[in-house]
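Asks: Below you will find the structure I want to go over with you.
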Amino acid sequence: MLEIDSLKVQFPVRVQRRWTTIKAVDGVSLSLAKGDTLGVVGESGSGKSTLGLAVLRLAPVASGRIALDGADLADPSVETTLRRKVQVVFQDPHSALNPRMTILRAVAEPLVIHNVLSGAALEARVAELLETVGLPRQFLYRYPHELSGGQKQRVCIARAIALKPELLILDEPTSALDVSVQAQILEVLKSLQREFDLTYLFISHNLAVIRAVCRRVAVMYLGRIVEEGETERVFSAPQHPYTRALLQAVPVPEAGQPRRSGALKGDVPSPVDPPPGCVFHTRCPVAVAGLCDREPPVPRVLADGRAVACHLAPA
Ligand code: SF4
């Protein structure tokens, strides 16, 4: 359904009175089948949210192609179709809702903009959407400040599915919520996917959430995909040193358990001036001098179908 081919997203920035570019996404290729969920995981600054914004055409695409059902999203003639087919749920439901709008107006907005419904039919449809995400119709005339964080995120999800989209970009949809509420929102998303055959691009830094929700996962580092495959295979036997380090960084919940070794040190390098060769070599515990700092690794497809961009990946 969604095909991303060699995508590059760059932003102009001024560094010491000189204009240069941030390579936020640098040559990403991905595909996502209808009804499937692809997780995109990585540290802050890995480019995962920018990837989602590029699919929504809210980030400047420097080169590459994004196609939805075969239609190139750069084609202005598919703009209206795209707006209906692709919707987004952002991380922070507090800032995603206008505090001056009732819940009715907030959820009705896409239906009004696209001239789908009006009057009593519009109100009935919004009430139906609220019920779909587990909220009573009495919420129609409430304002966002009267709702909890979880209820606000349910409203945002109701608004996102109002136009019956096919693809939802879920950008850290549970990160701003309490753990118990996170589980409820994940259940809402799962049941909506079953009911409406929705396709999800699920962006998160939370590996547990990705494991619970996504059938496939793409691990991003400094704008590139370093490992991509079925979530259970990738998480149970990671093949890229960065994926291994991310998993080792997850805290051990049992008291008295030893701390895991091999967690990442240092920060992600600046995307303004990424390291030569493999961009991970400055933090990689197994980097090979003379190879990793010179030659960028070409992604290799392993026997189990996953792709790994590392010189040391098994053949
Ligand atoms: Fe580490 Fe080299 Fe593999 Fe990059 S290519 S992840 S530096 S071993």
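Asks: Please go through segment 101-133 and give me each residue that is part of a loop (DSSP other than H, G, I, E, B) and surrounded by fewer than 15 Cβ atoms within 10 Å (Cβ to Cβ), ordered by number.
Replies: Answer for segment 101-133, where residues must be part of a loop (DSSP other than H, G, I, E, B) and surrounded by fewer than 15 Cβ atoms within 10 Å (Cβ to Cβ): M101, H114, N115, S118.
Asks: Also, I was wondering about something else. Could you list, in sequence order, the residues of segment 273-305 that are exposed (fewer than 14 other Cβ atoms within 10 Å of the Cβ) and hydrophobic (A, V, I, L, M, F, W, C)?
Replies: Across segment 273-305, the qualifying residues are V286, A289, V298, V301, A303.
Asks: On to the next question. For A218, which of the numbered conditions (1) modelled with pLDDT of 95 or more; (2) within 11 Å of the ligand (Cβ to nearest atom); (3) under 18 Å from K48 (Cα atoms) fails to hold?
Replies: Among (1) modelled with pLDDT of 95 or more; (2) within 11 Å of the ligand (Cβ to nearest atom); (3) under 18 Å from K48 (Cα atoms), A218 violates only (2).
Asks: Moving on to the next point. Give me the pairs: first residue in segment 47-70 and touching a residue at least 12 places away in the same chain (Cβ under 8 Å), second residue basic (K, R) and outside any helix (DSSP H, G or I), beta-carbon distance under 7 Å, and six or more apart or on different chains, which are they?
Replies: Once the first residue is touching a residue at least 12 places away in the same chain (Cβ under 8 Å) and sits in segment 47-70, its partners that are basic (K, R) and outside any helix (DSSP H, G or I) give A62/K8; S63/K8; G64/K8.
Asks: Among T80, T37, which is at pLDDT below 95 and of a type in the set (S, T, Y)?
Replies: Being at pLDDT below 95 and of a type in the set (S, T, Y) holds for just one of T80, T37, which is T80.
Asks: On the given criteria, is A307 more than 9 Å from the ligand (Cβ to nearest atom), in contact with a Lys or Arg (Cβ under 9 Å, 6 or more places away or on another chain) and among the small types (G, A, S)?
Replies: On the way: more than 9 Å from the ligand (Cβ to nearest atom): yes; in contact with a Lys or Arg (Cβ under 9 Å, 6 or more places away or on another chain): yes; among the small types (G, A, S): yes.
Against the criterion (more than 9 Å from the ligand (Cβ to nearest atom), in contact with a Lys or Arg (Cβ under 9 Å, 6 or more places away or on another chain) and among the small types (G, A, S)), A307 qualifies.
Asks: Any residue at all in segment 253-268 that's at pLDDT 85 or above and closer than 21 Å to L30 by Cβ?
Replies: Within segment 253-268 (the criterion being at pLDDT 85 or above and closer than 21 Å to L30 by Cβ), the answer is no, since none of the residues qualifies.
Asks: For residues that are out of contact with any Leu (no Cβ under 8 Å at 6 or more places or on another chain) and not in a helix (DSSP H, G or I), scanning just segment 230-251, find the one that is farthest from G277 (Cα to Cα).
Replies: P251
Asks: Mind listing just one residue for me: the one in segment 287-304 that is under 18 Å from V234 (Cβ atoms) and not charged (D, E, K, R) and, of those, nearest to the ligand (Cβ to nearest atom)?
Replies: Applying the filter and picking the extreme gives P297.
Asks: Residue check, R14 against (1) under 29 Å from P269 (Cβ atoms); (2) in contact with a strand residue (DSSP E or B) (Cβ under 6 Å, 6 or more places away or on another chain), all met but one. Which one?
Replies: Checking R14 against (1) under 29 Å from P269 (Cβ atoms); (2) in contact with a strand residue (DSSP E or B) (Cβ under 6 Å, 6 or more places away or on another chain), the one that fails is (2).
Asks: Shifting gears a bit: Here's a check for you: in segment 223-241, which residue that is within 11 Å of the ligand (Cβ to nearest atom) and within 18 Å of the chain's Cα centre (by Cα) is farthest from T282 (Cα to Cα)?
Replies: Here is the first cut: in segment 223-241, the ones within 11 Å of the ligand (Cβ to nearest atom) are 224, 226-227, 239-241.
With within 18 Å of the chain's Cα centre (by Cα) added as a condition, the list becomes 224, 226-227.
Values: R224: 15, V226: 15, E227: 18 Å.
If we take residues in segment 223-241 being within 11 Å of the ligand (Cβ to nearest atom) and within 18 Å of the chain's Cα centre (by Cα), then E227 is farthest from T282 (Cα to Cα).
Asks: Go through the residues of segment 8-30 one by one and say whether even a single one is on the phi > 0 side of the Ramachandran plot and among the polar types (S, T, N, Q).
Replies: Yes - at least one qualifying residue is present in segment 8-30.
Asks: Same structure again: Is it true that P274 is touching a residue at least 24 places away in the same chain (Cβ under 8 Å), within 12 Å of the ligand (Cβ to nearest atom), out of contact with any Phe, Trp or Tyr (no Cβ under 7 Å at 6 or more places or on another chain) and not charged (D, E, K, R)?
Replies: For P274, the condition - touching a residue at least 24 places away in the same chain (Cβ under 8 Å), within 12 Å of the ligand (Cβ to nearest atom), out of contact with any Phe, Trp or Tyr (no Cβ under 7 Å at 6 or more places or on another chain) and not charged (D, E, K, R) - is not met.
Asks: Scan segment 25-44 for residues that are over 20 Å from S63 (Cα atoms) and among the aliphatic types (A, V, I, L, M) and jot them down.
Replies: A33, L38, V40, V41
Asks: Can you confirm whether segment 33-41 contains a residue that is in a strand (DSSP E or B) and over 14 Å from the mean Cα position of the chain (by Cα)?
Replies: no
Asks: Tell me which residues, restricted to segment 134-164, are more than 25 Å from the chain's Cα centre (by Cα), among the charged types (D, E, K, R), in a helix (DSSP H, G or I) and under 16 Å from P99 (Cβ atoms).
Replies: Matches in segment 134-164: E146 only.
The values are calculated or read from the model by the stated rules, or taken from the named source; none is laboratory data. A quick note: this is a predicted structure, and the numbers were derived from the prediction, not measured. Ideal geometry is used to build each Cβ from the backbone, glycine not excepted, and the neighbour counts take in all protein chains shown.
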